[in-house]
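Notes follow the structure.
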Amino acid sequence: MALSASLSSSICFHPTSNPRFSPKLPTTTTSRPLRLLAPPPAAIPPLATDVDGSTIAVIGGGSVAALAAVLSLADPERRRKLQAEEVGGGDKEVVREYFNNSGFQRWKKIYGETDDVNRVQKDIRLGHSKTVENVLKMLADDGSLSGVTVCDAGCGTGSLSIPLAKEGAIVSASDISAAMVAEAEKKARDELSGQVMPKFEVKDLESLDGKYNTVVCLDVLIHYPQSKADGMIAHLASLAEKRLILSFAPKTFYYDLLKRVGELFPGPSKATRAYLHAEADVERALGKVGWKINKRGLVTTQFYFSRLVEAVPV
């Protein structure tokens, strides 16, 4: 089934306390950010499934009931349990195994510059790069990053850590995947000259320690249910002195339904389980530990959507 609906890239930011905050899109035909007026009809969250471009079902409003009936017959939960049994653990062990093996090869290409990607992967690359770009703008809006300590939790191949180091930040970068960390270190050695190298470590979110001016965690919460995400958000906030920046796949009726459609058509390699998070749940988790959301944004492309929030102590 080919994708038959289209959606232009859009970024919409809503500052809570700074009305002038309005990051711009990468150079396009217009200089103004585009606003997402309604949930896109055919977007799927980053990392939701192993998508190859030919397995996405596009639905209209009149087919929701029929689709729900089909979904009731599917059993993606059984596949997830089998994955966990194979690696001898839960979500965290599945994530570690995936990103040290087939997932590493796939996402190394997506996060890189190779042309050996399909149109879906290329679109996700664009979405992720926009998220990184807007995080850098969030940070730069408050002044120079020189000497600012930043924890990049879930650094992947260094797409945020390396630009931060180039701006003079003192970066501590970590990832659950040893393969990802090794690739990030290699890229940093190739790209950084005269700047302080980030300190790279293989760690999961729960194992992080220390104190930092800023903690950033991009596109990681999608691997964990809200019950575990609450604890992770609290732990990340405990490491941050001034601000915490998070991105996550937002949970709405349409996004949740379309994610489940993708689960009906698993790709050729096994992916991790994908969890969407309601913004209200994330905000509630922050509030429990004395933090509030200061700035909000939404980054979307055709196959990527991510809510971006900056939180500060109350």
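The values are calculated or read from the model by the stated rules, or taken from the named source; none is laboratory data. Computed from a prediction, not measured in an experiment: that's the story for all the values here. When we count neighbours, we look across all protein chains shown, and the Cβ atoms used for this are built from the backbone with ideal geometry, even at glycine. For the accessible areas, the whole protein counts, side chains as well, though only heavy atoms, and no ligand, DNA or RNA atoms are used. Shrake-Rupley method; radii C 1.70, N 1.55, O 1.52, S 1.80 Å.
In table form, for the structure just shown:
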| quantity | calculated |
| --- | --- |
| Residue within region 201-213 that is open to solvent by less than 10 Å² (accessible area, probe 1.4 Å), more than 19 Å from E93 (Cα to Cα) and at pLDDT 95 or above present | no |
| Residue that is farther than 26 Å from T114 by Cβ and free of Cβ contacts under 8 Å to residues at least 12 places away in the same chain, where the choices are G231, G194 | G194 |
| Qualifying positions in region 211-224 - under 14 Å from the mean Cα position of the chain (by Cα) and either part of a loop (DSSP other than H, G, I, E, B) or of a type in the set (A, V, I, L, M, F, W, C) (or both) | V216, C217, L218, D219, V220, L221, I222, Y224 |
